[in-house]
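The values are calculated or read from the model by the stated rules, or taken from the named source; none is laboratory data. No experiment lies behind these values; they were computed from the predicted model shown. Cβ sites come from the backbone with ideal geometry, for glycine too, and all protein chains shown count toward neighbours.
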Amino acid sequence: MAKRKRKKSSSNNFLTYVAWTLAVIAIALGSLVGGYYIGYEEAKNDIETKVKAEKKKRLSMLKKLENISVKKDKQSVNTRLKNVLKKETKTHAGAAAHEYGDGTLPKPPSPPKRVKRDVRKVASKPKLAIIIDDVSVRSHVNAIKSLGIPLTMSFLPPSKFRPNSAKLAAKESIYMVHLPMEAQNFSAEEPMTLRISDSDSKIAKIIKKIKKDFPRVSYINNHTGSKFTSNELAMNRLIYALKSQNINFIDSRTTAKTKAPQVMKNFGLNYVARDVFLDHAMDKASITIQIKRAIKIAKLHGTAIAIGHPHANTLLALHESKKLFKDVELVYINRLY
């Protein structure tokens, strides 16, 4: 009887030992699992924090690189445009005010009459054509084309100062000729300048020569010409000669007394004229103001024509104004008329 009790007691001790062992194992496993879970969450949070920090750092770096890229781009444009001023001839160095003859008009030319654009009836963007006058050498062409926007180049006729202007124009898909005309007061007159005393035959001969040098020319605008365009007889002779060669005249409006509107009407032609001179004042801030003015006119009337020159500040202002052009469509002159 005593032997059975000892056996039963030993069995109970063994079961207790096993139970405690299992409990210890369970506690250990629970601790391991709990520790793993806590560690996992901490690791997960740590990784997320590092990813966010890395993303923020990467975005900051990208922004810095973008700013550096923009800065370098401006510097590279500045470098390219500096070459323009270096290679400009003495004849055309200086302010664009020479277009007005003596550069000092007591009264600016009246703007051409325009009809306001009805945005309810027009779905397309307003169009703005920018003409760059006085183009004459390779550096001008390179600087203008480096901007990557549609600018219509108006080439001066060939002369001893610029013998290759016609050859340069021949490589362009669209171009104009910037024809010199007599001014009220301008000392640096071009060799091939139309004068009010020129006969019908002489003007016709000059226009034929222009057509020969620039066989694809469809548009001509006046270089200076404050005296010529204000003379009705001279303008009649010119428009007749241009019409015979299928060339359109665009009035640069260098005088308030221009007779071009009446003469064009007499010939049954539409009067086309520039709306804004971009660089009468050549500082970049003033040019930017004029760019905004040209955009405003285009939005008001549906179309507008601006005229500038291949000066560094003009081209740099155009380059820096690309965001301003989002509300208009920049086009070559043949898209307007």
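Table for the structure above
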item: Filter result for TYR175 (modelled with pLDDT of 95 or more, among the hydroxyl-bearing types (Ser, Thr, Tyr) and either over 23 Å from ALA317 (Cβ atoms) or surrounded by 22 or more Cβ atoms within 10 Å (Cβ to Cβ) (or both)); result: yes
item: Selection status of MET181, in contact (Cβ under 8 Å) with a residue 24 or more places away in the chain and over 26 Å from the mean Cα position of the chain (by Cα); result: yes
item: Subset tally (residues that are surrounded by fewer than 24 Cβ atoms within 10 Å (Cβ to Cβ) and under 23 Å from the mean Cα position of the chain (by Cα)) for region 256-274; result: 2
item: Boolean, ALA241 is part of a helix (DSSP H, G or I) and within 22 Å of PRO157 (Cα to Cα); result: yes
item: Number of positions in region 233-275 that are of a type in the set (Gly, Ala, Ser) and closer than 20 Å to ASP200 by Cα; result: 5
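For every residue, the table says whether it meets (1) surrounded by fewer than 20 Cβ atoms within 10 Å (Cβ to Cβ); (2) farther than 19 Å from SER154 by Cα; (3) of a type in the set (S, T, N, Q).
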residue: ILE250; (1), (2), (3): no, no, no
residue: THR254; (1), (2), (3): no, no, yes
residue: VAL276; (1), (2), (3): no, no, no
residue: ASP283; (1), (2), (3): yes, yes, no
residue: SER286; (1), (2), (3): yes, yes, yes
residue: ILE295; (1), (2), (3): no, yes, no
residue: HIS301; (1), (2), (3): yes, yes, no
residue: ALA304; (1), (2), (3): no, no, no
